[in-house]
Structure formats: C-alpha cells, structure tokens
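Novice: A single structure is presented below for examination.
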Amino acid sequence: MDITVQPRLLQGKITAIPSKSQAHRLLICAAFADRKTELLCPQTNRDMEATADCLRALGAKIEYTGNGYTVEPIKEIAGSAVLNCCESGSTLRFMLPIVGALGVDATFQMAGRLPQRPLSPLWEEMERMGCRLERPTSDTIRCTGKLKPGKYTIDGSVSSQFITGLLFAQALLGGETELEIIGKVESRPYIEMTRQALERFRAPNFKTPGKITVEGDWSNGAFFLAAKAMGSDLDILGLDENSPQGDRLIIEILSILKSGSATIRVADIPDLVPILSVFAAVNHGASFFDIGRLRLKESDRVATVIQMITALGGNACADENTLYIRGTGLRGGIVDSCNDHRIAMAAAIAATACTTPVTILGADSVNKSYPHFWEEYRRLGGKL
C-alpha cells in the first residue's frame, strides 16, 4: 500500500499505544503462571500476535478481547510444535531459549528480513548447553534437545534480546543456573524491562498478579512527540516518565537537538533514530554514533534513513560508526519504507515539516507495531 501525505501540521490529543516490548514479556510470563492473567492492552499488532501465537502452539490458551489479552497458562507442554514468528525478532529470540529450556522439538517459521537477522552467539551457546539447532530451509529453524542447568555466557554487544531469551530460560530451568553477560551491553533498558516482568510474576515460581496494564509505548509515542516539537499542536497521553523503556529519552534528546547540533549515542535507542533523523534534518542537524545495530533491524536502518532523508531533499551520510544528518530542512518526495514500520512513520511525520507532498511506498508496514497509525494520523488532521 502506498500513501501520499500532504504537508500539514497535526492537532489534537492522542493516547500512546501499548508497549509491544512490555507486552511480549508479560505474555510470556503469563503463559507460565500458576493461573489466569489478564493483560489490559487496548491495541495489538503483528509482533504481539506472533508471540501470542507461539505461546498458543506450546499449549497456552490466549484470547484477545479488544481490551486486552486473557492468558490461561500452559498446563501440559507440547512435545513438538511449529512456532510462526512472522517478522518479529523479539519473538524468535525470546522463544528459542524458552523451547530449549522446555525440551520441545520446535520448528520456527520466519518471514520478511527475519531469516537474515543474526542469531549468533545465542545459537552457539544454546548448542553448548544441550540443544541442537539447524536450518532445514532458509526461512525455518529447528530446535531439538534440552538446555541443561549451569553457567551460561553471552556477549551483550549484539542484541539485548538474546539476554532476555536466556533470562526466561534461566527462570524455567531453575536450579543452579547462572547467566554471565560479557562485552559491551547494548540496549540495557530492555534487559531491565525483562527483569521487572519476571519480578512481577515472582519468577521462577511464576505467580500471576492477576491483572496487569501494559504501559504506553515510548518508541511509537516518539513520532508524535517529535511532531509536537516540530510545530504540531499535540497532547500525547499515556506515557510513564518513570518507565524502564529506554526510549523515554526522546524528550531529553528532542530538547537537545532543538537547541543546536549535537552528537548522540544511539546504541541503547536504535528505534528512535529514524524519527530523530527527521527532527535533526529540520532543525540544526546531528551526529548519531554507535549505529552498528541499526543495520540489523527490519531494514538496514543506516541505509534506509539516509535514503529517506535524501529522498525528501535533505542531506545525510554515514561512516562505519556514525550517521550524519545535516540541518538543511526537508522538501518532500517519494520514500520507500523498505518494509520498515519506523521508516514509514518517520516519513509521515516528516511531511508535517515539508513544503511538498510525501509519498510513502509500503505504508502498510506500520502494521508491524502500529496498525491504527494512519487512522490516528488522519484523525489528527493529516491529509492523505
């Protein structure tokens, strides 16, 4: 689906959608709890549903009612299962160690760019500790065997999702299981989110709190916060300033970039880079460093951000470690989302500061995290 967005500021109130990062974690904990859990989550998306579907394949009963998820925990672990992760990296990287800890003969199905995203060194560590992993086809992974208790070691520099997966496995294995994280840890706030979820369910005993509200998502709220800072008259509701989500730093970073060009480390906030790049382009410019993990997202976000800014009449370039955005302003043009939801949404917000229309190719990529994005954009006065 392609959409053309007319240059126009937005106006109105918007409530942040539920955090998919937190929803993934709470769904998993609820699936292993002692009784039913209700997750208040008034919107869902493809990534959340991928995790819910994988847990259903393992034996959990999960229903989405419109207000949220009702999760009946797994009573009998499936001996074998097919788990469809769709395009969700979180789902795959969380569920691999979980099925390993359970000893399930599991086949994972993947779509989009997910088969190309890295699984090392998680793959090697799982094999060292008792599992066998193989790629029957380019878009499937089979996991057999069972992880054993003991000391696990993982390099934290590739993905915090590997650490989260092993933290879930550690809780399920119990006993003398230890996790050592070595190297430079990326996206540390996401690890803290996992620890908080496990604590709320009192893992390894997994006692349900009964009812939990999934908090508002700073990652997607960031698009409208940036639009507000770019001149739109918006009131963004439902974001907790004390959240463990690392992307709450968007407020501070927007303020810094509004004042002048700055150099920002983005290793812990890779999801903010597309919208921060747009904001920098229409302000004083910026340099974003520690960008290695951006190349491993739904698209190569170093390349696609440069492509987006350039297509809109701006100026951007990168070297191995730093993305440079010049504060030249944006004009408008045609942006290929490259099936990346955050590129599509960033381009839509860019339109509020452009002088000519912005056409977004693959605009339906927003369904990965924010299915109602275009509906909300139109409600706030956006002209599509």
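Novice: Beta carbons within 10 angstrom, averaged per residue: use that to sort the peptides 29-39, 1-11, highest first.
Specialist: 29-39, 1-11
Novice: Give the angle, between 0 and 90 degrees and rounded to the nearest 10, that separates the Cα long axis of helix 46-58 from the longest principal axis of the Cα atoms of the chain.
Specialist: 10
Novice: Report the far tail of the P(r) of the chain, meaning the percent of Cα-Cα pairs longer than 25 Å. Display every interim value, and only then the final one.
Specialist: Details: 39782 of 73536 pairs.
Percentage above 25 Å: 54.
Novice: Report, ordered by chain and residue number, the aspartates and glutamates lying within cross-link reach of K13, taken as a straight Cα distance under 13 Å and ignoring same-chain residues fewer than 8 apart.
Specialist: Straight-line reach from K13, under 13 Å: D233, D235, E376.
Novice: Would you mind classifying the stretch 1-144 by shape? Square roots of the alpha carbon gyration tensor eigenvalues, ordered a ≥ b ≥ c; an a/c under 1.5 is rounded, otherwise it is prolate if a/b is larger than b/c and oblate if not.
Specialist: oblate
Novice: So what is the diffusion coefficient of the stretch 199-240 in µm² per second by Stokes-Einstein at 20 °C and 1.002 mPa s, using a Kirkwood Rh over Cα pairs?
Specialist: Details: Rh = 12.8 Å.
For the chosen part, D equals 168 µm²/s.
Novice: Would you work out which of A50, Q22, G79 lies farthest towards the positive end of the dipole of the stretch 20-213? Charges go on Cβ: Lys and Arg +1, Asp and Glu -1.
Specialist: Towards the positive end, the residue furthest out is Q22.
Novice: According to the square roots a ≥ b ≥ c of the eigenvalues of the Cα gyration tensor, what is the shape class of the stretch 239-384, taking rounded for a/c under 1.5, prolate for a/b larger than b/c otherwise, and oblate for the remainder?
Specialist: On the way: a/c = 1.32, a/b = 1.17, b/c = 1.13.
Note, shape of the stretch 239-384 comes out rounded.
Novice: Ok, one more. Per the Kirkwood definition applied to all pairs of different Cα atoms, how many angstroms is the hydrodynamic radius of the stretch 139-262?
Specialist: Working: mean 1/r = 0.0573 Å⁻¹.
It works out to 17.4 Å.
Novice: Viscosity 0.692 mPa s, temperature 37 °C: give me the Stokes-Einstein translational D for the stretch 22-103 in µm²/s, with Rh taken as the Kirkwood radius over C-alpha pairs. Could the numbers behind the result be given before it?
Specialist: Values: Rh = 12.5 Å.
For these conditions, the coefficient is 262 µm²/s.
Novice: Whole Å is fine, so just give me how far the alpha carbon centre of the stretch 131-156 lies from that of the stretch 287-315.
Specialist: Here the two parts' Cα centres lie 31 Å apart.
Novice: Follow-up question, since we're still on this one. Based on DSSP H runs of at least 4 residues, each adding -39500 (n - 2.57), what is the mean residue ellipticity at 222 nm of the chain after dividing by all its residues, to the nearest 500 deg cm²/dmol? List each step's numbers first, then the result.
Specialist: Working: 12 runs with 132 residues, N = 384.
Calculated at 222 nm, the ellipticity per residue is -10500 deg cm²/dmol.
Novice: Once you place label points 7 Å from the Cα toward the Cβ at S120 and E63, how far apart are they in nm?
Specialist: So the two model labels end up 4.6 nm from each other.
Novice: Then there is this: Under a 10 Å cutoff between Cα atoms, tell me which one of L312, L166, L102 has the largest fluctuation in the Gaussian network model of the chain.
Specialist: In the Gaussian network model the winner is L102.
Novice: Turning to a different aspect of this structure: What's the center-to-center distance, using Cα atoms, between the stretch 23-91 and the stretch 169-185 in Å?
Specialist: Between the Cα centre of the stretch 23-91 and that of the stretch 169-185, the gap is 23 Å.
Novice: Sort 347-354, 173-180, 321-328 for me by packing, meaning the mean count of neighbouring Cβ atoms within 10 Å per residue, highest on top. Numbers along the way, then the final one.
Specialist: On the way: 347-354: 27.5, 173-180: 13.0, 321-328: 18.2.
In descending order of packing, they fall as 347-354, 321-328, 173-180.
Novice: Decide, for the stretch 232-282, between rounded, prolate and oblate: order the square roots of the alpha carbon gyration tensor eigenvalues as a ≥ b ≥ c, take rounded if a/c falls under 1.5, and otherwise choose prolate if a/b is larger than b/c, else oblate.
Specialist: Details: a/c = 1.85, a/b = 1.20, b/c = 1.55.
In terms of gyration-tensor shape, oblate.
Novice: Moving on to the next point. Could you derive backbone 3J(HN,Hα) for the stretch 273-281 from the dihedral phi with the Karplus parameters 6.51, -1.76 and 1.60 (θ = phi - 60°), listing whole Hz in sequence and x where the residue is Gly or Pro?
Specialist: Couplings: 4, x, 6, 5, 5, 4, 4, 5, 5 Hz.
Novice: Which residues among the stretch 116-149 fall inside the zone where the amide N is under 11 Å from a point 7 Å beyond the Cα of E180, along Cα→Cβ?
Specialist: Once the point is set 7 Å along Cα→Cβ of E180, nothing inside the stretch 116-149 turns out to lie under 11 Å by backbone N.
Novice: From the backbone phi of the stretch 223-231, what are the Karplus-calculated ³J(HN,Hα) couplings (6.51 cos²θ - 1.76 cosθ + 1.60, θ = phi - 60°) in whole Hz, Gly and Pro given as x?
Specialist: So the J values, rounded to whole Hz, are 5, 7, 5, 5, 4, 4, 5, 9, x.
Novice: Based on the Cβ-Cβ distance from L40 to T355, what FRET efficiency comes out when R0 is 56 Å, to the nearest 0.05? Could you put the intermediate results ahead of the total?
Specialist: Working: r = 42 Å, r/R0 = 0.75.
With R0 = 56 Å, the Cβ-Cβ based efficiency is 0.85.
Novice: While we're on this one: What list of ³J(HN,Hα) values in whole Hz, one per residue of the stretch 334-347 in order, does the Karplus curve 6.51 cos²θ - 1.76 cosθ + 1.60 (θ = phi - 60°) give from phi, with Gly and Pro shown as x?
Specialist: 10, 10, 8, 5, 6, 6, 10, 4, 6, 5, 4, 5, 5, 5
Since every read-out is calculated from the coordinates, none of them should be taken as a lab result. Please read these numbers as outputs of a predicted model, since none were measured by experiment. When we count neighbours, we look across all protein chains shown, and the Cβ atoms used for this are built from the backbone with ideal geometry, even at glycine.
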